[in-house]
Amino acid sequence: MNLQGTHGSNGRFGRFGGRYVSEVLMQVLIELEEAFESYYPTVEFQRELGVLLKDYGGRPTPLYYAKNFSELIGCKVYLKREDLLCGGSHKLNNSLGQALLAEKMRKKRLITETAAGQHGISAAMAGNVLGLEVEIFMGIRDMERQESNVKRMRLLGARVTPVKTGSGNLKDAVSDTLREWATCTRTTHYLMGSTVGPHPFPEIVATFQSVIGKEIKEQIVEKEGKLPDAIVACGSGGSNAIGAFRPFIGEDEVRLYFVEGGGSSLDADNSAAAFVLGKPGILHGAAMMVMQDEQAQIKASKTRAVGLNYPARGPEISHLCETRRVESGYAFDHEVFEAVRVMCKTEGLLPALETAHALAYVLNHHDEFDQDSILVVNYSGRGDKDLETIAGYFYGN
Amino acid sequence: MNLQGTHGSNGRFGRFGGRYVSEVLMQVLIELEEAFESYYPTVEFQRELGVLLKDYGGRPTPLYYAKNFSELIGCKVYLKREDLLCGGSHKLNNSLGQALLAEKMRKKRLITETAAGQHGISAAMAGNVLGLEVEIFMGIRDMERQESNVKRMRLLGARVTPVKTGSGNLKDAVSDTLREWATCTRTTHYLMGSTVGPHPFPEIVATFQSVIGKEIKEQIVEKEGKLPDAIVACGSGGSNAIGAFRPFIGEDEVRLYFVEGGGSSLDADNSAAAFVLGKPGILHGAAMMVMQDEQAQIKASKTRAVGLNYPARGPEISHLCETRRVESGYAFDHEVFEAVRVMCKTEGLLPALETAHALAYVLNHHDEFDQDSILVVNYSGRGDKDLETIAGYFYGN
Amino acid sequence: MEIDQKFLELKEKGEGAYMPHIYYGDPNEEFSLELVKTLVSNGADLIEFGIPFSDPIADGTTFIEACERALKTRMTPIQRIEGVRKLRRIGVEVPIVLTTYYNIPYTIGLQIFAKQVKEAGVQGLIIPDLPVEEATEFLEATKEFDLKMIFLVAPTTDDARLRKIVEIASGFLYVINMEGVTGTRESVVQSTLDLIKRVRDCTDLPLMAGFGISRKEHALAMLSAGVDGIITGSAITEIYSKNLHSPEMSLPDIAKFAGEMKQACVEGYNR
Amino acid sequence: MEIDQKFLELKEKGEGAYMPHIYYGDPNEEFSLELVKTLVSNGADLIEFGIPFSDPIADGTTFIEACERALKTRMTPIQRIEGVRKLRRIGVEVPIVLTTYYNIPYTIGLQIFAKQVKEAGVQGLIIPDLPVEEATEFLEATKEFDLKMIFLVAPTTDDARLRKIVEIASGFLYVINMEGVTGTRESVVQSTLDLIKRVRDCTDLPLMAGFGISRKEHALAMLSAGVDGIITGSAITEIYSKNLHSPEMSLPDIAKFAGEMKQACVEGYNR
Ligand SMILES: Cc1ncc(COP(=O)(O)O)c(C=O)c1O
Ligand SMILES: Cc1ncc(COP(=O)(O)O)c(C=O)c1O
């Protein structure tokens, strides 16, 4: 593969990554790695995936010069419009890829977990298109918070299974999906939703998502005749960020910013800022930056952006931030809502709360970019799913 | 203009169309016609609109070969994916075009009406992008039914004004917007949402929407090497249908189907099937097919698809159906919900209730198309806005 | 009495014309008959007799509601036209100008409509959503019935169109007092005054100003500016719509209002 | 006593080995101490001593809940390791195999962890989320402490990996009884029987079967199939978790259960 990934052998990104799973899952992970390596580079796979991404997904997504927002920031800001991808976020890039891979591996069923519901929806879509059964594990708290997405998944015919363990959110849903997978690896593919989990998942997800960055590169060169000065992306597991960053990792002059969920404050229990509050640890099959308590137990993260509510950072983004190739930052909930308001007003776009973290970061740090700077914000998703939360924040209800 | 419209002079489409408005609006309509004719064909306007449609809107939208759905129907079905356009429906094509025109005309403000909220949202988006104030008139009943879209418009900074007259739906909102316009034509553009209203609106909206059909033509030739056998579109005012049909009107071998809202039955008060129940009449400034009672009063239409809940058919589609170039049909509410279910399951796509009328028609008439037929369905919008209604229908709540 | 004759008569008397506008059947037929009688006996020189329509796009809230109420009686347009005959029968002799939206004649049939209207005793027609450009067919179909076609002019109407309008208009010209829809307003704006001057310069037809006239001062100002008379619509409906259970209780107030408006027409004409 | 010695001793006695698995501190430390004492005096040959983790991905519902309860006591992992010392102090002499997820030693520091564990009196380690491929670093850091590293084999493990595993495993091999996570199950499946045969063919290490063993018949079947002993986990926790307010009331039932399982190990071994 000619991807500019930073992983070494055995799924290592520096000291992060690896494959820390029960023996029951080892064999299927090895098979998956082999299948990915043998199918992905083939002309047939590329063609099939290409058609799905284009005709079903709506790729390429535009790179939109946000004139009004740029005026506010004081430099040129482009938005990479993943919100226009079918389903409303970047998640489908990965779901289509993995579903196609699962079909090649003759799996009959997809399981996965979801937090905001965006990944769950994309998995349900991809499953239906490729004729695979879909079951989605979702924390009971998240099911309440993202009720409309639960309805959507069910309408798509997916089974949504409530996860009651732990604090009933994404972390617990991932754990339960891994448990379920252990019982059915022969028939079932775990469609991992972000660049997390045991090797080869972080690599697979990053590869499928890096279509974002490849397009950014072509599009910005077409529009500006050169590479951007900076790319900003939000994230937790890191899939949209890595997807956008990958083709630029070797381009040292392009600054890369990763924005995580600050929550309401950086106090112990009110944040999802794992790069600030976490340390290296092992969770869900990989070494990553993880939020933990003094007992070496994983801490529950907290942020209003359900899709960033995960206490760990994927291996690759953990490594890129540790080595300072990527600069990490965060945005607090109230800044995020303000960024939503600004984007609505300036460009008529309602961003996902996750995406608004990247926007809030740009708003907060606008003085770091001079007038001629070219910024690309990976606009990872639309805010329809967050409408109630956002309207509630501004108008009460 | 080199569009294959069917209108004659003075905005006539056969015996339909015209400009039946109060003297107060005549002058602005003439100015609008002139402005449209002078700006639209210019290279500058085409370039600016092209960039907006591409980078902001996400055009071209894909033409997706829906394999699973096709298997069910028994012929090749392509979906023209207007659901992927920014905002979730075809409405933005027109809103961007008219907002740009309004800006050229140095108007400061856009007013418009909306039923499902889709047009209101697209108008609010376009207004923000082009720096115009936006006010949207919406029937109070529709505001209740499409509450989430009301929130969305307000978040985008648009003023949403409830219309309490009549039965509080689209017909009344159009009337009230025309009244408002009469007070402020010098500063304000009425961004008409469909191919209805006095001349030049039907022509302007059709022109801006015909980007759909132009793309279909290119795409289907690229994919199949020939024109489709049939194109199916839902509609009330007719903008998505006319947009898809226009470049094919002169191609006699391409059958064109227009599907209106059958409602719960064809009984007097339970339908929106104006081609079945209506007759020629004058409403909102034009001669159209209109549902009326024995007192020559306009009847309120009824269908679960709020966006089809209009008692008249635009002048151009009225004419095309009267001359049999386009065949009109309808689908009942229960068939529409069934079509939603089928599309969710086969292709993982949740269609708007409006769009599902076209799908229901194809499902009901599948035996009219033989195995080699190529069908294009204009997939006008996504069903996120209808989620509560659809979930309520299937699961109760 | 024909419209032209009425204006001649008023000119001789040195009075401005007063034409109140009502929607027939709001809230019921009996009241409308009484109302017109009251208006005429208190100074109305012409009556604008409205046939309600479900979507009166040139009307404001007061008349929208009047239409809605009137439509609840479920009379057909033809039955309402019969109302003119009833008025004639009870002694109303002033010219009656029938107003309705174009869908009504369009649906009934232009000729049938004109015939019915003429036979019932109507002298002129106002169809607010039928601009000159669309009127050819209607004029053609109705010309044998000798009905005056009253057209509207607005502050936004430019001179070129003004000329087109005066060319085919008859009876009088309806000068739209203001940009907008019917309904009471606070003052008379400059653009209206300009319009009156412009129209005056290109036609001898009588000018009647309407839209938003609700006070004596409005009427005086309009007449001073050069119109031949004024039209009040919503103002009267507003009076009785405060007491819809027994609208006839409002007749004395309406009589007083009509008297004052006619008075203003007399005063204004003579300034 | 060392693990190898225990298996030798059992071989001489002609008995299968019985190793119950508990999470230390569920629902409190006192109970865990009593529980282990009861288990040992009713036939447990080894103890699998679990240090709870917040995200026990190889465990089923019963143990997830056990971990959650145990974590409520807010003891640190080091304090829990001290529990082994306490057991030794109250006379528990059987080999103790400590189980936990890799984040615990990783975060504490691999060497510190191994040292603490060793000093507290542990003979072996099971880290279910540490497959052989990832174990090099851990083995390196801990080799000076002579702790047996127990690895798992599953029905899905192919022969190539099986060989890798037996190469570095020590103490015994943990044969995963079934595809899935810990928790009681209804029957023993063919794939497990095949696995036992395959493992038996390539190593002399003792084989202990675990995951889902909750009934005497399961134990008998497993031993008949050729393993050297069995592990029960959830089954015991299920007994006392029915009465969490006074879990000690369940000790007689647990004693009975342990006795039966040991009995099955004896019987099964001699078939
Ligand atoms: C719109 C959007 N952006 C970002 C994320 C974060 O995911 P990741 O870190 O994998 O990009 C999510 C997750 O649900 C999302 O929905
Ligand atoms: C998705 C969708 N399709 C179709 C329509 C109908 O409009 P038109 O007849 O103008 O295409 C609407 C109107 O709201 C809509 O939202």
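The values are calculated or read from the model by the stated rules, or taken from the named source; none is laboratory data. No experiment lies behind these values; they were computed from the predicted model shown. Cβ sites come from the backbone with ideal geometry, for glycine too, and all protein chains shown count toward neighbours.
Observations on the model:
- Failed item, numbered, when B:Glu294 is tested on (1) farther than 21 Å from B:Pro198 by Cβ; (2) surrounded by 21 or more Cβ atoms within 10 Å (Cβ to Cβ); (3) charged (D, E, K, R): (2)
- Of all positions in segment A:173-180, none carries a residue that is within 13 Å of chain B (Cβ to nearest Cβ), more than 21 Å from A:Gly57 (Cβ to Cβ) and surrounded by 24 or more Cβ atoms within 10 Å (Cβ to Cβ).
- Only listed residue being closer than 22 Å to C:Asn270 by Cβ and in contact with a helix residue (DSSP H, G or I) (Cβ under 9 Å, 6 or more places away or on another chain), chosen from C:Leu130, C:Leu205: C:Leu205
Here is a yes/no grid of residues against (1) closer than 22 Å to C:Glu68 by Cα; (2) in contact with a His (Cβ under 7 Å, 6 or more places away or on another chain):
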| site | (1), (2) |
| --- | --- |
| C:Leu205 | no, no |
| C:Phe211 | yes, no |
| C:Val227 | no, no |
| C:Gly233 | yes, yes |
| C:Thr237 | yes, no |
| C:Ser250 | yes, no |
| C:Asp253 | no, no |
| C:Gly259 | no, no |
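- In segment A:118-140, residue farthest from the other protein chains (Cβ to nearest Cβ) [restricted to those that are in contact with an Asp or Glu (Cβ under 9 Å, 6 or more places away or on another chain) and among the polar types (S, T, N, Q)]: A:Gln118
- In segment B:141-160, the residues that are more than 8 Å from every other protein chain (Cβ to nearest Cβ), buried (at least 17 other Cβ atoms within 10 Å of the Cβ) and either over 13 Å from B:Ala123 (Cβ atoms) or in contact (Cβ under 8 Å) with a residue 60 or more places away in the chain (or both): B:Arg141, B:Asp142, B:Met143, B:Arg145, B:Gln146, B:Asn149, B:Val150
- Test: B:Leu85 is at the interface with another protein chain (Cβ under 9 Å from one of its Cβ atoms) and aliphatic (A, V, I, L, M): yes
- Comparison of B:Glu82, B:Glu37, B:Glu48, B:Glu31 shows that the only residue that is more than 22 Å from A:Glu82 (Cβ to Cβ) and touching a helix residue (DSSP H, G or I) at 6+ places or on another chain (Cβ under 9 Å) is B:Glu48.
- Residue check, C:Lys164 more than 14 Å from chain B (Cβ to nearest Cβ) and out of contact with any Asp or Glu (no Cβ under 6 Å at 6 or more places or on another chain): no
- Search result, residues across segment D:104-129 that are within 15 Å of the chain's Cα centre (by Cα), assigned to a loop (DSSP other than H, G, I, E, B) and within 14 Å of chain A (Cβ to nearest Cβ): D:Ile127, D:Pro128, D:Asp129
- Strands (runs of 3 or more DSSP E) fully within segment A:214-307 that include at least 1 residues being among the hydroxyl-bearing types (Ser, Thr, Tyr) and either under 14 Å from A:Leu320 (Cα atoms) or assigned by TED's automatic domain parsing to the domain that holds A:Val196 (or both): A:255-263.
- Residues (assigned to a loop (DSSP other than H, G, I, E, B) and in contact with a Gly (Cβ under 7 Å, 6 or more places away or on another chain)) located in segment C:130-164: C:Leu147
- Segment A:216-266, residues that are under 19 Å from A:Lys302 (Cα atoms) and surrounded by fewer than 21 Cβ atoms within 10 Å (Cβ to Cβ): A:Ser264, A:Ser265, A:Leu266
- Close pairs (8 angstrom Cβ cut-off, 6 or more residues apart or separate chains): within 17 Å of A:Ser271 (Cα to Cα) and away from chain D (no Cβ under 14 Å) in segment A:227-243, within 16 Å of ligand 2 (Cβ to nearest atom) and among the small types (Gly, Ala, Ser) anywhere: none
- Flag if B:Phe201 is in the same structural domain as B:Ser167 (by TED's automatic domain parsing) and crowded, with 24+ Cβ neighbours inside 10 Å: yes
- Check on B:Arg59, farther than 30 Å from B:Lys345 by Cα, surrounded by fewer than 24 Cβ atoms within 10 Å (Cβ to Cβ) and at pLDDT 95 or above: no
- For A:Phe45, the stated conditions do not hold, so it cannot be described as of a type outside the set (A, V, I, L, M), under 22 Å from the mean Cα position of the chain (by Cα), more than 10 Å from chain D (Cβ to nearest Cβ) and in a helix (DSSP H, G or I).
- Residue within segment A:16-34 that is on the phi < 0 side of the Ramachandran plot, assigned to a helix (DSSP H, G or I) and either among the basic types (Lys, Arg) or away from chain D (no Cβ under 14 Å) (or both) present: no
The rows are residues; the columns are (1) part of a helix (DSSP H, G or I); (2) acidic (Asp, Glu).
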site	(1), (2)
D:Val166	yes, no
D:Val199	yes, no
D:Met208	no, no
D:His218	yes, no
D:Ser250	yes, no
D:Asp253	yes, yes
D:Ala258	yes, no
D:Ala264	yes, no
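- Hey, B:Phe369 touching a residue at least 40 places away in the same chain (Cβ under 8 Å), in contact with a Gly (Cβ under 6 Å, 6 or more places away or on another chain), away from chain A (no Cβ under 14 Å) and away from ligand 2 (no atom under 16 Å from the Cβ) or not: no
- Residue within segment A:123-134 that is within 27 Å of A:Glu347 (Cβ to Cβ), away from ligand 2 (no atom under 16 Å from the Cβ), not in a loop (DSSP other than H, G, I, E, B) and not hydroxyl-bearing (Ser, Thr, Tyr) present: yes
- Selection count, segment B:305-325, where residues are farther than 16 Å from B:Gly278 by Cα and within 13 Å of ligand 2 (Cβ to nearest atom): 3
- Of the residues making up segment A:189-215, just one is within 14 Å of chain B (Cβ to nearest Cβ) and either in contact with a Leu (Cβ under 6 Å, 6 or more places away or on another chain) or within 8 Å of ligand 1 (Cβ to nearest atom) (or both), namely A:Leu191.
- Per-region count, segment C:115-132, residues in contact (Cβ under 8 Å) with a residue 60 or more places away in the chain and small (Gly, Ala, Ser): 1
- Filtered residue count, segment B:47-86, keeping only those that are in contact with a strand residue (DSSP E or B) (Cβ under 7 Å, 6 or more places away or on another chain) and of a type in the set (D, E, K, R): 6
- Extreme residue, farthest from ligand 1 (Cβ to nearest atom), among residues of segment A:281-332 that are basic (Lys, Arg) and closer than 22 Å to A:Thr207 by Cβ: A:Arg325
- Selection over segment A:77-104 of residues that are among the hydrophobic types (A, V, I, L, M, F, W, C), closer than 22 Å to A:Glu135 by Cα and assigned to a helix (DSSP H, G or I) gives a count of 6.
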